[in-house]
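Participant: Sharing a structure with you now.
The values are calculated or read from the model by the stated rules, or taken from the named source; none is laboratory data. These numbers were taken from a predicted model, which means no experiment stands behind them. Quick reminder, even Gly has a Cβ in these numbers, built from the backbone with ideal geometry, and neighbours come from all protein chains shown.
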Amino acid sequence: MNIYIQGTGCVSPQDTTVVEPFLAGIREYEGDRLKAVEPDYRQWIDLKLIRRMGRVVKMGIAAAKLSLQEAGIDMPDAIVTGTAYGCLEDTGIFLSRMVAQQEEMLTPTAFIQSTHNTVGGQIALLLGCHAYNNTFVHRAFSFESALLDSMMLLQEQAARQVLVGGVDEITDHSHRILSRFGLYKQAPVRNTALLQSHTGGTIGGEGAAYFMLGTERNVRTVARITGLATIYKPADEQEMDAAVEAFLAAHHCSSGDIDLLISGRNGHAGENRHFTRLEQKLFQGCAVAGFKHLCGEYPTASAFATWLGARILHGQQLPQGLLFSGAAPRQLDRILIYNCYQGTHHSLILLDRT
């Protein structure tokens, strides 16, 4: 059964809420953190509700609404969300107040909105959707798990239209904590130079991307999702290579059939080797594009990559500043997204032009 992307929506550190022109220019940042460019939420959310919502909730709602608008659908049959961190801002607010007020006289709002399923729940409340609603919290496989669940719902004919997305935010508290683990650059770096960096660490990011999925192709169809796979902690390079080759074979194609490889390289010297080896061994001569210099590194960044791949296929346009190596193909029919998070969580998403 074919799975089609009927609509997309994305909030990220780039100007992705503007449908056209598609990434006309890349926003430049310097530092070790990229913050989402937030649109005017009043076009989707009542002003009275906005004041009680955390940033990540507003980002998720905006991305979901954009996806629904593009698909021309008012009500999905299911809502599925993937998030690794959930509502970090509200969690931080609640814990800080609990300490400051010595666990007394605490308002419940921040606690209620600190749960991981708040984003999906708020989308459902705004839409008045009482159908299937699930949130996957599987670290760097959170979006992939949500996408797999959505595809199974469609294949089992349990739903006809599924809204699926990935969302995560970064806050001052979480940034300081993650920095202690050496995840980010010690010296400031421009995001436009990130992919060429050979030092340790990367830059943190955040964003929300939602997709309206269906099984029927129509005039609004953006792209087709052909395949999805996850590989956790492969024993060695040979196991990883075999997994990629088996994935391609299962979907009746080879590395030579891939027009563009969207690579999750993030400028971390210790992690770049995963991408370099795969690009040079299995996809030699294939055009390679990057995306984490646009959105930064976070567990559900593959959702942004999926949004990017779908837009590239639909518009047959590879924006400047994305190409990492090779020559831009004249025609783009098949895109493979390969992401790796902290050297342990590997995922593959195959997209086709409709």
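Participant: Test of understanding: among Ile45, Ile61, which residue is more than 25 Å from Thr192 (Cβ to Cβ) and surrounded by 24 or more Cβ atoms within 10 Å (Cβ to Cβ)?
Facilitator: On the way: Ile45 fails: surrounded by 24 or more Cβ atoms within 10 Å (Cβ to Cβ).
None of the others qualify; the one that does is Ile61.
Participant: Considering only residues that are within 25 Å of Asn117 (Cα to Cα) and surrounded by 21 or more Cβ atoms within 10 Å (Cβ to Cβ), look in the stretch 12-32 and name the one that is nearest to the chain's Cα centre (by Cα). Before the answer, list the steps.
Facilitator: Within the stretch 12-32, the subset within 25 Å of Asn117 (Cα to Cα) is 12-13, 16-17.
With surrounded by 21 or more Cβ atoms within 10 Å (Cβ to Cβ) added as a condition, the list becomes 12-13, 16.
On the way: Ser12: 9, Pro13: 12, Thr16: 13 Å.
If we take residues in the stretch 12-32 being within 25 Å of Asn117 (Cα to Cα) and surrounded by 21 or more Cβ atoms within 10 Å (Cβ to Cβ), then Ser12 is nearest to the chain's Cα centre (by Cα).
Participant: Could you say whether any residue in the stretch 251-270 is surrounded by fewer than 21 Cβ atoms within 10 Å (Cβ to Cβ) and farther than 22 Å from Arg353 by Cα?
Facilitator: Scanning the stretch 251-270, I find at least one residue that is surrounded by fewer than 21 Cβ atoms within 10 Å (Cβ to Cβ) and farther than 22 Å from Arg353 by Cα, so the answer is yes.
Participant: To continue, here is another question. Give the residue, chosen from Ile61, Ile79, Ile73, that is within 18 Å of Met212 (Cα to Cα) and in contact with a Cys (Cβ under 7 Å, 6 or more places away or on another chain).
Facilitator: Working: Ile61 fails: in contact with a Cys (Cβ under 7 Å, 6 or more places away or on another chain); Ile73 fails: in contact with a Cys (Cβ under 7 Å, 6 or more places away or on another chain).
Matching residue, one of Ile61, Ile79, Ile73: Ile79.
Participant: Among the residues of the stretch 292-320, which ones are of a type outside the set (A, V, I, L, M), touching a helix residue (DSSP H, G or I) at 6+ places or on another chain (Cβ under 7 Å) and under 19 Å from Phe22 (Cβ atoms)? First the steps, then the outcome.
Facilitator: Quick first cut of the stretch 292-320, residues of a type outside the set (A, V, I, L, M) only: 292-293, 295-300, 302, 304, 306-307, 309, 311, 314-317, 319-320.
Restricting the remaining residues to those that are touching a helix residue (DSSP H, G or I) at 6+ places or on another chain (Cβ under 7 Å) gives 292-293, 295, 299-300, 302, 304.
Answer for the stretch 292-320, where residues must be of a type outside the set (A, V, I, L, M), touching a helix residue (DSSP H, G or I) at 6+ places or on another chain (Cβ under 7 Å) and under 19 Å from Phe22 (Cβ atoms): Lys292, His293, Cys295, Phe304.
Participant: Is at least one residue of the stretch 184-205 among the polar types (S, T, N, Q) and over 22 Å from Ser325 (Cβ atoms)? Don't jump to the end; show me each part of the working.
Facilitator: Step one: of the stretch 184-205, the residues among the polar types (S, T, N, Q) are 186, 191-192, 196-197, 199, 202.
Imposing the further condition that a residue be over 22 Å from Ser325 (Cβ atoms) reduces the set to 186.
Within the stretch 184-205, one or more residues are among the polar types (S, T, N, Q) and over 22 Å from Ser325 (Cβ atoms).
Participant: Please list, ordered by first then second residue, the pairs with beta carbon atoms under 7 Å, 6 or more apart or interchain, first in the stretch 67-78 and within 17 Å of Ala223 (Cα to Cα), second surrounded by fewer than 17 Cβ atoms within 10 Å (Cβ to Cβ) and among the basic types (Lys, Arg).
Facilitator: Glu70/Arg220; Ala71/Arg220; Gly72/Arg220
Participant: Pairs please, first residue from the stretch 133-147 and in contact (Cβ under 8 Å) with a residue 24 or more places away in the chain, second anywhere and surrounded by fewer than 23 Cβ atoms within 10 Å (Cβ to Cβ) and part of a helix (DSSP H, G or I), Cβ atoms under 8 Å, 6+ apart in sequence or on different chains.
Facilitator: Final answer for the pair search is Asn133/Gly121; Asn133/Ala124; Asn134/Asp149; Phe136/Ser145; Phe136/Asp149; His138/Ser145.
Participant: Just to be sure before I move on: is Asn218 at pLDDT below 95 and either outside the structural domain of Ala71 (by TED's automatic domain parsing) or over 25 Å from Gln342 (Cβ atoms) (or both) in the structure I sent? Full working, then the answer.
Facilitator: On the way: at pLDDT below 95: yes; either outside the structural domain of Ala71 (by TED's automatic domain parsing) or over 25 Å from Gln342 (Cβ atoms) (or both): yes.
Answer is yes for this residue.
Participant: I need a count of the residues in the stretch 295-354 that are on the phi < 0 side of the Ramachandran plot and not in a strand (DSSP E or B). Please lay out each step first, then the result.
Facilitator: Within the stretch 295-354, the subset on the phi < 0 side of the Ramachandran plot is 295, 297-315, 317-320, 322-325, 327-341, 344-354.
Right, trim to not in a strand (DSSP E or B) and you get 295, 298-315, 317-320, 322, 327-333, 344, 353-354.
Looking only at that region, the number is 34.
Participant: Between a residue in the stretch 267-290 that is hydroxyl-bearing (Ser, Thr, Tyr) and any residue that is modelled with pLDDT of 90 or more and surrounded by 14 or more Cβ atoms within 10 Å (Cβ to Cβ), which pairs come within a Cβ distance under 9 Å, given they are 6 or more apart or on different chains?
Facilitator: Thr276/Arg265
Participant: State whether one or more residues within the stretch 171-179 are touching a helix residue (DSSP H, G or I) at 6+ places or on another chain (Cβ under 6 Å), modelled with pLDDT under 95 and part of a loop (DSSP other than H, G, I, E, B). Steps first, please.
Facilitator: First pass over the stretch 171-179, keeping only residues touching a helix residue (DSSP H, G or I) at 6+ places or on another chain (Cβ under 6 Å): 171, 173-174.
With the extra rule that they be modelled with pLDDT under 95, the set shrinks to 171, 173-174.
Cutting the leftovers down to part of a loop (DSSP other than H, G, I, E, B) gives us 171.
Yes, the stretch 171-179 has at least one match.
Participant: List the helices (runs of 4 or more DSSP H) inside the stretch 1-108, counting only whole elements, that have at least 3 residues being at pLDDT 95 or above and over 30 Å from Leu183 (Cβ atoms).
Facilitator: Hits in the stretch 1-108: 55-71.
Participant: Determine whether the stretch 225-246 contains at least one residue that is touching a residue at least 12 places away in the same chain (Cβ under 8 Å), out of contact with any Cys (no Cβ under 8 Å at 6 or more places or on another chain) and over 30 Å from Leu154 (Cβ atoms).
Facilitator: Start the filter on the stretch 225-246 by keeping residues that are touching a residue at least 12 places away in the same chain (Cβ under 8 Å), which leaves 225-234, 237, 240-241, 243-245.
Pick out the ones that are also out of contact with any Cys (no Cβ under 8 Å at 6 or more places or on another chain) and you get 225-234, 237, 240-241, 243-245.
After this cut, where a residue has to be over 30 Å from Leu154 (Cβ atoms) as well, the list is 237, 241.
Checked the stretch 225-246: at least one residue is touching a residue at least 12 places away in the same chain (Cβ under 8 Å), out of contact with any Cys (no Cβ under 8 Å at 6 or more places or on another chain) and over 30 Å from Leu154 (Cβ atoms).
Participant: Same structure, new question: Going by the structure shown, is Ala289 under 17 Å from the mean Cα position of the chain (by Cα), modelled with pLDDT of 90 or more and either assigned by TED's automatic domain parsing to the domain that holds Thr202 or not in a helix (DSSP H, G or I) (or both)?
Facilitator: Details: under 17 Å from the mean Cα position of the chain (by Cα): yes; modelled with pLDDT of 90 or more: yes; either assigned by TED's automatic domain parsing to the domain that holds Thr202 or not in a helix (DSSP H, G or I) (or both): yes.
Considered against the rule, which asks whether it is under 17 Å from the mean Cα position of the chain (by Cα), modelled with pLDDT of 90 or more and either assigned by TED's automatic domain parsing to the domain that holds Thr202 or not in a helix (DSSP H, G or I) (or both), Ala289 comes out as yes.
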